[in-house]
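To start, the structure itself, in structure tokens.
Just so it is clear, none of the values below were taken in a lab; they were calculated from the coordinates. As the structure is a computational prediction, the values presented were derived from the model and not from experiment. Reconstructed Cβ throughout: ideal geometry from the backbone, glycine too, with neighbour counts over all protein chains shown.
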Amino acid sequence: MKNINQKEIVDLIQTRLPLFFGDQKERFQVEFHTMRKENVEYEAVSVTLSGHGFGIQIPVEVIKTCLKRENNLDSLLQDVAAQLRAVCRQMPKTDQLSSLLTSYEAMRERVFIRLRDLSLCEPLRQHGVYTPICGPLVATYRVKIGHVAGSLQSADIAPEMLETLDISKETLHAQALKNLQAERPLLVKIGNALKERNNLLVSKKPLKRHRLYILTLDSYLNGARVLLRDDVLAQIGEQFGSDFYIFPSSIHEVLIYAKTGQENERGMLQTIAASNANPLTVDPRDVLSNDLFVYERDKKKVTCIASDYTSEDFEPVLFEIGDKESDEKIAIGSVQMLQEKDSDLLH
């Protein structure tokens, strides 16, 4: 195959892509961009839907590889068209998006909380809308825009938006908590999290005091905010029959472990800090906190055990994950959930 230049690639995509839209004729733009990922520059083609502002980026090397094989480019463009059709069905157009983000009545049922650690988010401290929750944990606020290709698109609610909406932070927080009550909390054994969805909050069976559990929401997205459900935490305390630790796995889920008084809290804190420092364990954008938290049954509240441990030289705390007594154990820092992405539509 001869070398193909930028204009020929653009012309080829503009000619072939409409064939895969069927009766749904959408206008789109095809442009070249120089992208950067992990300090490496590469060329990519962006296909952007007119009226939606949503684009799909295809590395040029991928296109060239497809051109070397018969029908591979058409297969690639068929996938691109499918994603763009999903955008048309599920995402508001630009004018609708503008209305959604400037009308409180339009957005109120879409508002949700994302828990963050204020000490790890300096821009949020300087310019953000948040409500203190426990220790460094704060509630930040976002609005759901739509779902595309397994990814939740959401936008941050900034101080300027509160002024536009003419609402207070307290009103926003109350609405977000109301929306949270309508969501389904999920508690599963960590060994079965990816195999089954046996919700232990539904069965209400006693929980084993030497086993680690995952607490999240049914969507597995921004599930750490379930910590704002007092009823859920109280029920877990009843099922354990004791206070329990809350490990900040990520913004999407937390890990739960019964407190017996025999635990090495220093080791737990060191493990959390080391886990969050490892991008292969937790995406830096999804880090929840470096602190350890405890739910106290008698006080019906969550308290924070602050951490200043950053050393990589630590003894990991291991927990049993098997259904039976066995040697199978896991360090709390090695947990990585498989979940849909939550993409920032607006920053």
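Data overview
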{"read-out": "Two-site FRET efficiency, Glu43 against Gln14, from Cβ-Cβ distance with R₀ of 22 Å, rounded to 0.05", "value": "0.80"}
{"read-out": "Stretch gain in nm, segment Arg85-Thr131, where the contour uses 0.36 nm per residue and the Cα spacing is subtracted", "value": "12.8 nm"}
{"read-out": "Point-to-point label distance, Ile167-Ala306, nm (Cα→Cβ direction, 7 Å offset)", "value": "3.4"}
{"read-out": "Net charge of Cβ neighbours under 10 Å - reference Glu183; Lys, Arg +1; Asp, Glu -1", "value": "+2"}
{"read-out": "Under-5 Å amide H pairs with Leu186, H placed in peptide plane, nonlocal only", "value": "Thr216, Leu217, Asp218"}
{"read-out": "Fewest-first sequence of Phe240, Phe32, Phe20 by Cβ atoms within 10 Å of each Cβ", "value": "Phe32, Phe20, Phe240"}
{"read-out": "Förster radius 35 Å - calculated FRET efficiency between Lys208 and Arg184 (Cβ-Cβ, nearest 0.05)", "value": "0.95"}
{"read-out": "Efficiency of FRET from Cβ geometry, Gln78 and Asn3, R₀ 35 Å, rounded to 0.05", "value": "0.90"}
{"read-out": "Listed pairs Lys64/Lys144; Lys144/Lys204; Lys189/Lys299 exceeding 29 Å between Cα atoms", "value": "Lys64/Lys144; Lys144/Lys204"}
